[in-house]
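Novice: Provided herewith is a single structure, encoded as C-alpha cells, for subsequent inquiry.
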Amino acid sequence: MTSTMGPRYYGSLLVLLILCAIRASMAHEADHKYNVGDEVKVWANKVGPYHNPQESYMYHSLPFCRPSDPEQKPRTLGDALEGNALMNIGIKLRFKDTTGMKSEICQVQLTQETASAFDFAIARQYWYQLYLDELPVWAMVGEMEQSAPPLRPDDQHSRGTHRIYTHMKFDIAYNNDRIVQVNLTSGEPRPLEVGSSLSFSYSTHWHESDVQFEDRYRRYLDYSFFEHQIHSFSILNSFMMVIFLVGLVSLILLRTLRQDYAAIFKDAEDEFDELDRDLADETGWKKIHGDVFRDPVYWPVLCTLVGVGYQLLLMMFGVLICALVGTLYVGRGAVLNLVVFFYAITSFAAGYKSGSMYAQSRGQQWKFVMMATALAFPSLLLAVTTVLNSIAHMYNAILSVHYSSLFTVVAIWFMTALPLTIVGTMLGRNWNGTPNLPCRISSIPGYLPPKKWFLEWKVMIPAGGILPFGSIFIEMYFVFSSFWNYKFYYVYGFMFLVMSMLIIVCGCVAIVATYFLLNAEDYHWHWNAFLSVASTSLYVLGYAVYFYLSKTRMHGFFQTTFYCGYVLVFCSIMFLMCGTVGYLGANTFVRRIYRDIKSD
C-alpha cells in the first residue's frame, strides 16, 4: 500500500510546492514587497482631457505602444463603477535596477490617422494616468507651441505646433523592500509629421528614502488646500452659528410653550374665571388637537420618502465612520464599495421605518409602501445610470459601466436589499405598528382659518432651506473641488462634523416651522416639515450650477451631461436626508407638546 500511495503522495507534494512557488512569486504584488530584480509592472488606467475629469478613455484608445501580451488588472466592483480599467503597457521595470539605461518601448509609424489622433489629444490637453505599485502618477500627452491663442477653451484646431512626449522618466524611491514614492517626468517632445517614426522609450532612477510605507500616500494629500486656515475658521464659524441657533430656538420654544401651558392649566385660585380658562384652552395649537395627527395627503408617499431618507442617513454615517478609522483615499473604488455595502445592509432600516410609520395609521396600502421603499432610490439611480451609460458608450469612454458590473449591482440589490426591506417592513408592522397617539382624531376635519402670508407654503418651504444650506456650503466647495479638480478628499472629520451640524439645523428649522404652523391652527404640518428643510437641495443645485460656471473649465456635451447626472443624484440624496430629519424632528416635537394635553 505504501508503494502504491508513494507516487501519488510525492506528486501531490510536488504540485503543492509548485503552487507555493507561484504564490511566492506573486506575493510582491499583493504585499508590495520586492526582491532585487523583481519585475515592477506599470499599469495604465485612462487618458482624457485635463479639464473634463469624467471624460476619460482607455489608454490604448490613442495609438501608444501596445504590449505583445496585454494584461488587465482584476477590477473590484468599485473600480468598475468608478471607471478604472488598468492595462499593462509593456514597460518592464526591475526593482533597484541602478543601470538607469534608456530602453525603447516600441516604434510607432505616424500615418494620417495616428497623427490626427495625437494632434486631437494634444490640442485638447489630454493627460494620462499610470499606476506603479498602486501609486498613481500623471503626465500630459504632449505640448503645444501656440502661434496664436485658441478661440475658445474647447477649440480643437488652435493654431500652433503640436509635439508629443516620447520619453518617460520614472524616479522611484524605496525603503528597504518597498516602493514609497514614484515621480514621472515626460520629455523628448517630437513633432507630429505624417510618415515619420516615433520612438517611445523610458528610463528609471532608483534611490533610497526614509519615507515609511504607511505614509507614502501623504504626498498626494493637498494639506495647503484642505487644512487651510479659512477651512478651519469657516467650520468653527458654522459651528458657532449652529450653537446660537439651537440656543435661540430652545429659548423661544421653552418660553412660548411655558406660557401656553400656563394658560391651559390654570388652577382654581387664578384670577381668571371659567370663561377665561375655556377661551385659553381653545386657542392656538391646542385647538387643533383632534386634527393634528390626521394622515396627510399622499401619506404612503411620505412614508416611503422618510424610509428611504432614513436609510441614506444610516448609509452616510456608516461610510463616514469607516472613513474616520481608515484611509479610503488609498484604495481605488473603496468609497463606492462601502456605499454599496452599507446601502444593502441598511435596507432593513428603510423597510422597518416606512412599514411602522404606515402601519400606525391603519392603512391598507402597506404592500405599495414596501415596494416603493425598495424601488424608489434604485429606480432613480437606474434611470440616471442608463442615460449616462448610453452617452459613455457613444463616446467609447471608460466610464461606460459593463453589463456584468450592472448585473452584479442588480444581483446585490435583489438578493440582499430587497429581502431586507421586506423583512424590515414585516417586523416594523408587527413590532412598532400599533398606534400610540397622544390625542384622538376627530371624525370630521377641522376648519382651516386663513394664514398670514409668511406662513404659506410658497414662503416657508423656500425659506426653510436657507439656514441648513448656510451650514454646509463652505464644505461643499471642498467636496466639489476634490471630486472635479483631481484632489484626494481625506478630511472626513470635517465632513462628519458638518453633517452633524446639518442634522441639528434641519431639526431646529422644521420644529420652528411646525410650531408657527400649528399656532396658526393649520394641522397640515407633515409635508411642510419635510419640504421646508428638503428645499436645501434646491440651494445645493444652485451652488452646483455656480461652481460649474465659475470654478471649473469643463465643457462639451459629455462632461456637462455627466456633471448634471451626478449633481441630480447628489441633490436627490440631500432632499431625502434633510426632509427625513425635518419630519422626524417635527413629529417628535408634536408628540411631545400634545402628550400632556388631556382632551375629550
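The values are calculated or read from the model by the stated rules, or taken from the named source; none is laboratory data. As the structure is a prediction and not an experimental result, all values here were calculated from the model. Cβ coordinates were reconstructed from backbone atoms using ideal geometry, including for glycine residues, and neighbour counts include every protein chain displayed. All accessible areas refer to the heavy atoms of the entire protein, side chains included, with ligands and DNA or RNA removed. Shrake-Rupley method; radii C 1.70, N 1.55, O 1.52, S 1.80 Å.
Novice: Can you tell which of Y343, Y358 is open to solvent by less than 70 Å² (accessible area, probe 1.4 Å), farther than 27 Å from L568 by Cβ, in contact (Cβ under 8 Å) with a residue 12 or more places away in the chain and assigned to a helix (DSSP H, G or I)?
Specialist: Y358
Novice: State all residues of the stretch 181-240 that are part of a loop (DSSP other than H, G, I, E, B) and open to solvent by 90 Å² or more (accessible area, probe 1.4 Å); if no residue qualifies, say none.
Specialist: Hits for the stretch 181-240 are E193, D210, Q212, E227.
Novice: While we're on this one: What's the number of the only condition in (1) under 24 Å from F244 (Cβ atoms); (2) over 14 Å from the mean Cα position of the chain (by Cα); (3) open to solvent by less than 30 Å² (accessible area, probe 1.4 Å) that F558 fails to meet?
Specialist: Here F558 meets the rest and fails (1).
Novice: On to the next question. Any idea which of (1) assigned to a loop (DSSP other than H, G, I, E, B); (2) open to solvent by 10 Å² or more (accessible area, probe 1.4 Å); (3) of a type outside the set (F, W, Y) is the one N84 doesn't satisfy?
Specialist: (2)
Novice: Across the stretch 487-504, what is the number of residues that are assigned to a loop (DSSP other than H, G, I, E, B) and either open to solvent by 40 Å² or more (accessible area, probe 1.4 Å) or without any contact (Cβ under 8 Å) to a residue 60 or more places away in the chain (or both)?
Specialist: So the answer is 2.
Novice: Read through the list (1) part of a loop (DSSP other than H, G, I, E, B); (2) surrounded by fewer than 18 Cβ atoms within 10 Å (Cβ to Cβ); (3) not polar (S, T, N, Q), then give the number of the only condition that F368 fails.
Specialist: Every listed condition holds for F368 apart from (1).
Novice: In the list V384, V410, V423, which residue meets the criterion of being open to solvent by 60 Å² or more (accessible area, probe 1.4 Å) and out of contact with any Pro (no Cβ under 9 Å at 6 or more places or on another chain)? Show your work before the answer.
Specialist: Details: V384 fails: open to solvent by 60 Å² or more (accessible area, probe 1.4 Å); V410 fails: out of contact with any Pro (no Cβ under 9 Å at 6 or more places or on another chain).
Every option except V423 fails the conditions.
Novice: Same structure again: Would it be correct to say that S103 is farther than 26 Å from N176 by Cβ and either surrounded by fewer than 16 Cβ atoms within 10 Å (Cβ to Cβ) or among the charged types (D, E, K, R) (or both)?
Specialist: Numbers: farther than 26 Å from N176 by Cβ: no; either surrounded by fewer than 16 Cβ atoms within 10 Å (Cβ to Cβ) or among the charged types (D, E, K, R) (or both): yes.
Against the criterion (farther than 26 Å from N176 by Cβ and either surrounded by fewer than 16 Cβ atoms within 10 Å (Cβ to Cβ) or among the charged types (D, E, K, R) (or both)), S103 does not qualify.
Novice: Restricting attention to the stretch 371-410, report how many residues are modelled with pLDDT under 95, of a type in the set (G, A, S) and either more than 21 Å from the chain's Cα centre (by Cα) or not in a helix (DSSP H, G or I) (or both).
Specialist: 4
Novice: Could you please give the count of residues in the stretch 435-490 that are among the basic types (K, R) and modelled with pLDDT of 85 or more?
Specialist: To start, the set of residues in the stretch 435-490 that are among the basic types (K, R) comprises 440, 451-452, 458, 487.
Checking which are modelled with pLDDT of 85 or more leaves us with 451-452, 458.
Going through the stretch 435-490 one residue at a time, the tally reaches 3.
Novice: Still on this structure, please answer the following. Kindly indicate whether any position in the stretch 319-329 is among the small types (G, A, S) and open to solvent by 20 Å² or more (accessible area, probe 1.4 Å).
Specialist: Yes: the stretch 319-329 contains one or more residues that are among the small types (G, A, S) and open to solvent by 20 Å² or more (accessible area, probe 1.4 Å).
Novice: Can I ask one more? Of (1) out of contact with any helix residue (DSSP H, G or I) (no Cβ under 9 Å at 6 or more places or on another chain); (2) over 29 Å from D38 (Cβ atoms); (3) assigned to a loop (DSSP other than H, G, I, E, B), N52 satisfies all except one. Which?
Specialist: All conditions pass for N52, except number (1).
Novice: Here's a follow-up. Filtering the stretch 60-81 down to residues that are under 24 Å from H205 (Cα atoms) and open to solvent by less than 40 Å² (accessible area, probe 1.4 Å), which residue is nearest to the chain's Cα centre (by Cα)? Let's see the steps before the verdict.
Specialist: We begin by selecting, within the stretch 60-81, every residue under 24 Å from H205 (Cα atoms); these are 64-67.
The next check asks that each one be open to solvent by less than 40 Å² (accessible area, probe 1.4 Å); those that pass are 64-65, 67.
Values: F64: 34, C65: 36, P67: 36 Å.
That would be F64.
Novice: Shifting gears a bit: Among the candidates F530, F547, which residue alone is under 24 Å from K452 (Cα atoms), open to solvent by less than 10 Å² (accessible area, probe 1.4 Å) and of a type in the set (F, W, Y)?
Specialist: None of the others qualify; the one that does is F530.
Novice: Y543 fails exactly one of the following numbered conditions: (1) in a helix (DSSP H, G or I); (2) at pLDDT below 95; (3) over 26 Å from V301 (Cβ atoms). What is the number of that condition?
Specialist: Unmet for Y543, out of (1) in a helix (DSSP H, G or I); (2) at pLDDT below 95; (3) over 26 Å from V301 (Cβ atoms): (2).
Novice: Given the conditions (1) open to solvent by 80 Å² or more (accessible area, probe 1.4 Å); (2) part of a helix (DSSP H, G or I); (3) within 29 Å of A372 (Cβ to Cβ); (4) not β-branched (V, I, T), which single one is not true for F454?
Specialist: (3)
Novice: Which numbered condition in (1) assigned to a helix (DSSP H, G or I); (2) touching a Lys or Arg at 6+ places or on another chain (Cβ under 8 Å); (3) not hydrophobic (A, V, I, L, M, F, W, C) is the only one that D522 fails?
Specialist: Just one mismatch for D522, condition (1).
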